[in-house]
Structure formats: structure tokens, C-alpha cells
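Read-outs throughout are calculated quantities, based only on the coordinates presented, and are distinct from any laboratory measurement. This structure is a prediction, so every number in the text was calculated from the model and none was measured. Cβ atoms come from the backbone with ideal geometry, glycine included; neighbour counts cover every protein chain shown.
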Amino acid sequence: MSDPLVFTRETVLRRKAEARAERARRFSFAEKLEIVERLRERVRPFVQNRKARSAHTASD
Amino acid sequence: MVRDGVIRNYVVAGAVAAINYSEPVLTEDLDVLVSFDGPPSGLIDLTPQYRYLESRGYTRFEKEGVVIDGWPVQFLPVVDDQDLDAIASADVVAIDELRVPILSAIHVVLAAIRTGRSKDFLRIDQFLEERLVDLAALRAAISRFGLIDNWRTFLRKSGRDDPFAPSLIP
């Protein structure tokens with residue numbers, strides 16, 4: 001049996017791709033959309049901060 | 001908008017369409033490919049569509065889109081046969097009681113191949129890597145819609161091996 005702690009970079013990339021595909025299958029479109037909306041809420045302060053900074057730079 | 005004759009048909013496109021097949025990713029806007037009566041044209045006037053939305057209270061613009069239910073929505077007019085096929089061959093997803101047409105996986109990739117920005121190349125790579133698209137159908141569609149040069153550019157810039165056998169590249 002192969003040691004699960006010994007692997008190649010290709011193995012890691014393949015496992016990550018499989019995990020992403022599994023996450024893609026696990027949720028319905030409506031559920032994914034809700035996740036995206038929560039992500040948008042989470043980054044909103046950063047987006048607003050970025051906008052404020054670029055507005056400040058533009059007015060300099 | 002379809003019911004009131006403001007647009008003829010539509011399909012959800014862009015990153016929101018991509019997440020129908022992939023894991024959820026952050027996106028800030030919603031792209032909608034829309035068709036109108038008559039053949040596709042290079043010059044489109046969206047004034048009637050925006051007036052229609054304005055009359056229903058949608059007056060705020062953000063990121064070149066009109067904000068609907070918190071999403072900046074960008075209307076992209078159909079310009080060619082690829083877009084017409086994207087609408088004709090749309091998948092359908094359910095959101096509550098609504099049945100919403102959404103780009104097929106092949107058209108998500110075709111749109112990314114045509115647009116050709118770095119983030120589009122990442123999306124193509126993801127769809128190939130995770131086997132989210134049928135390769136034989138994609139190969140035929142790239143050829144059908146005249147995207148072989150764009151495909152060559154993707155392969156060159158991404159460093160990917162051509163997944164098609166036989167190759168599309170002469």
C-alpha cells in the first residue's frame with residue numbers, strides 16, 4: 001500500500017481538482033448563488049475601501 | 001422583459017453561468033446575453049430596455065450594469081451565430097419557482113475562448129482540468145464558430161498541451 005504522506009505535485013493537483021469538482025456537484029445552482037451572495041457581502045467592505053481609495057487618488 | 005416584448009430571448013452568461021458547472025467563485029456582476037427581433041447587428045441601442053427597467057424603478061447603475069436585486073446586470077446583445085446558438089442550446093436552472101436559461105458548459109468555454117482575457121483562460125483551464133465539458137463537442141464547436149486562432153492563443157499562453165486528438169491546430 002502506498003504511503004498517503006508521500007506524493008507528487010501532480011497527485012496534489014489532481015486531488016485538488018477532484019475536490020473542486022466534488023464541491024461543484026454538491027450544491028444546486030440556487031445554493032451556489034447564495035454562496036456567491038454571501039461571498040459578495042463578505043468582500044463588500046474591501047470593495048468599498050478600494051473604491052474610496054481610487055476616488056481619493058483620482059481627486060489628488 | 002421577454003413577456004413584454006422588450007427582448008426576444010436571453011441566457012445567463014459569464015461567471016454566474018460558469019458556477020452552474022464549477023464550484024462557487026466570487027463575482028460582482030451578472031452578465032445576460034439578450035437577443036432582439038431581427039438579425040444580429042453590430043450597432044445596438046439598448047435605450048428601450050433601460051427605459052423599461054427605469055419605469056420599474058431600476059435606476060441605479062454600477063459597474064456598467066443596472067442594479068437588479070443587488071446585482072449589477074450587464075446586457076450583452078447577441079452579435080453572431082455563436083451567441084444565437086448559446087441562446088438556442090441553453091441549459092435551464094431552477095431558482096425558486098423560476099426556470100432560468102443559462103449557458104451550456106460548452107458555451108461557457110466558447111465565450112471564454114473568444115474573449116481571451118487572463119481570467120477567461122483560467123476558466124477554460126478549470127473546465128478542462130475538472131472535465132466539466134465534453135471534449136469532442138467542444139472541438140467541433142471551436143471549429144464551427146471559427147475560434148481556432150483563439151484556441152491556439154489559449155494553448156500558447158496557458159502552456160497547456162492540446163487536449164484534442166486529432167489536434168485542431170494545423
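Partner shielding of B:21-30 amounts to 6, given as the average count of beta-carbon atoms from other chains within 10 Å of each residue beta-carbon.
The value of relative contact order for region B:1-97, using C-alpha pairs under 8 Å at least six residues apart, is 30 percent. A Cβ-based charge dipole, computed about the Cα centre of chain A with Lys and Arg at +1 and Asp and Glu at -1, lands at about 120 debye. Rounded, prolate or oblate: which fits chain A, taking a ≥ b ≥ c as square roots of the Cα gyration tensor eigenvalues, rounded meaning a/c under 1.5, else prolate when a/b beats b/c? Since a/c reaches 1.5 but b/c is at least a/b, the shape of chain A is classed as oblate. Chain A and region B:108-145 have Cα centres spaced 20 Å apart.
Per-residue extension of 0.36 nm, minus the Cα-Cα distance of B:ARG152 and B:LEU26, leaves a gain of 42.5 nm for this segment.
For the segment A:30-36, counting C-beta atoms of other chains within 10 Å of every residue's C-beta and taking the mean gives 6.
For B:ASP31, the amide hydrogen comes within under 5 Å of the amide hydrogens of B:ALA13, B:ALA15, B:VAL16, B:GLN74, counting only partners 5 or more places away or on other chains and with H modelled in the peptide plane. Taking all Cα pairs closer than 8 Å and separated by 6 or more residues, the relative contact order of region B:59-170 comes to 16 percent. The stretch between B:ARG117 and B:LEU43 holds 24.3 nm of extra length on full extension. This uses 0.36 nm per residue minus the Cα-Cα distance.
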